[in-house]
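The values are calculated or read from the model by the stated rules, or taken from the named source; none is laboratory data. No experiment lies behind these values; they were computed from the predicted model shown. Positions of Cβ are generated from backbone atoms using ideal geometry, with glycine treated the same way; all protein chains shown enter the neighbour counts. Please note that ligands, DNA and RNA were not included when accessible areas were found on the heavy atoms of the full protein model with its side chains. Shrake-Rupley method; radii C 1.70, N 1.55, O 1.52, S 1.80 Å.
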Amino acid sequence: AFKKAKDKALAYKLVMSEQLNQHIRYTKEIKQALINNDFELHYQPQFDHLYNMIGAEALLRWNHPTRGYESPAVYIPIAEESDLIIEIGNYVLEQACRDIKRLRQTELPTSFQQVSINISAKQLVKRDFVTNVISTVSKYQIPPSSLKIEITESIMIGNLEQSITGLNTLLKFGVACAIDDFGTGYSSLAYLKRLPANLLKIDRSFVTDIHLDQSNKAIISMIIQLAKSLSMEVIAEGVETEKEVNCLIELGCYKFQGYYFSRPITFDKLLEYKH
Ligand code: C2E
Ligand code: CA
Ligand code: CA
Ligand code: CA
């Protein structure tokens with residue numbers, strides 16, 4: 001039994017050091033990717049129930065020289081453990097504003113309102129975050145209302161007061177704010193009321209097969225009512241089928257993002273899309 005435990009401990013150690021190695025390797029590669037300019041922003045268009053394009057979400061893509069495109073779900077959590085997420089965040093902000101400027105120089109459909117970017121909790125509590133957003137928007141001379149930031153409920157965990165103050169400043173400046181992955185975190189309604197956000201994004205986990213799942217239907221219906229009473233808008237994420245669209249419309253949600261409408265596309269494709 002002792003030998004078994006020892007073997008187990010050894011195996012555990014091996015797994016841990018393998019993970020650690022991979023972690024260190026990734027961190028080095030992310031640094032290099034920032035230097036090499038290997039990150040890109042792709043855009044996933046968002047639509048209303050009349051199929052007008054109303055905006056797009058910027059999604060980070062790492063064009064890795066050998067691995068190709070890899071999901072941010074893999075490397076964002078690693079970047080979040082160091083200040084690399086700040087550097088990545090700065091790239092995203094700068095590139096998105098640059099792209100918004102170019103979008104505005106082409107013929108936009110009047111329904112197109114905003115580009116949204118994802119902000120990690122660590123970025124949000126950085127002292128210069130708000131001034132950074134304001135100065136970048138000003139530098140590219142784009143209307144503040146053409147940018148939206150997406151945050152998750154996890155910001156409730158720490159530095160809540162500081163986050164609310166920062167978000168309020170941005171809101172006054174004109175930048176909009178969305179709560180991402182709504183329903184998956186642990187926010188209390190009291191917190192939600194205090195958050196200066198204009199949009200709730202209903203998480204994909206509730207949207208998938210909604211027409212077959214009574215409890216998901218009930219949850220989405222509740223989220224829509226909640227948003228209404230807080231004067232917030234709602235958009236459904238991860239919409240993949242027509243059945244889901246119809247069910248969402250029945251429940252009172254008229255904004256959509258998901259593969260049914262469009263996968264994330266390159267900026268050049270987004271420019272073409274509108275014509
Ligand atoms: P998210 O913010 O919830 O983004 C939505 C994710 O769902 C994207 O994955 C998108 O490609 C995917 N998606 C959209 N429609 C559908 C659909 O109909 N079906 C399915 N199965 N998936 C759909 P992606 O691009 O891999 O991003 C994963 C996560 O990485 C994002 O989740 C976000 O949390 C994070 N992320 C992405 N870009 C950035 C960024 O620039 N900064 C930060 N901090 N995080 C980012
Ligand atoms: Ca998002
Ligand atoms: Ca989301
Ligand atoms: Ca997510």
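Annotations
- Carbon-plus-sulfur accessible fraction, segment 133-173 (probe radius 1.4 Å, protein heavy atoms only): 56%.
- Value in Å of the Kirkwood radius, where segment 7-150 supplies the Cα pairs that are averaged: 17.0 Å
- Convex hull volume of the Cα atoms of segment 125-275, normalised per residue: 128 Å³.
- With each label modelled as a point 7 angstrom along the Cα→C-beta vector, the Arg194-Ser221 pair spans 3.2 nm.
- Dividing the radius of gyration of the alpha carbons in the chain by their Kirkwood radius gives 1.01 for Rg/Rh.
- One chain, two ends: Ser231 and Lys243. Fully extended at 0.36 nm per residue, the span grows by 1.6 nm beyond their Cα-Cα distance.
- Distance in nm between pseudo-label sites at Gln22 and Asn36 (7 Å out along the Cβ direction from Cα): 2.0 nm
- Mean Kyte hydropathy of -1.0 or more with a Cα span along the axis of at least 18 Å, helices from DSSP in the chain: 2-36, 84-105, 160-173, 214-229
- Accessible area (Å², per residue) of the chain, counting only protein heavy atoms and a probe of 1.4 Å: 53 Å²
- Per residue convex hull volume, Cα atoms of segment 15-86, in Å³: 123 Å³
- Working note: Cα gyration tensor of segment 73-199, eigenvalues times five, square-rooted, sorted largest first, giving semi-axes of 24, 17, 14 Å.
- With helices as the sole contributors, the chain gives -15500 deg cm²/dmol at 222 nm; each DSSP H run of n ≥ 4 counts as -39500 (n - 2.57), and the sum is divided by every residue.
- Across segment 67-94, no residue has a backbone nitrogen under 14 Å from the label position 7 Å along the beta-carbon direction of Tyr12.
- Dmax and Rg, reported as Rg then Dmax, of segment 1-46 (C-alpha, Å): 19.1, 58
- DSSP beta bridge pairing in the chain, given as percent antiparallel to the nearest 5: 45 percent
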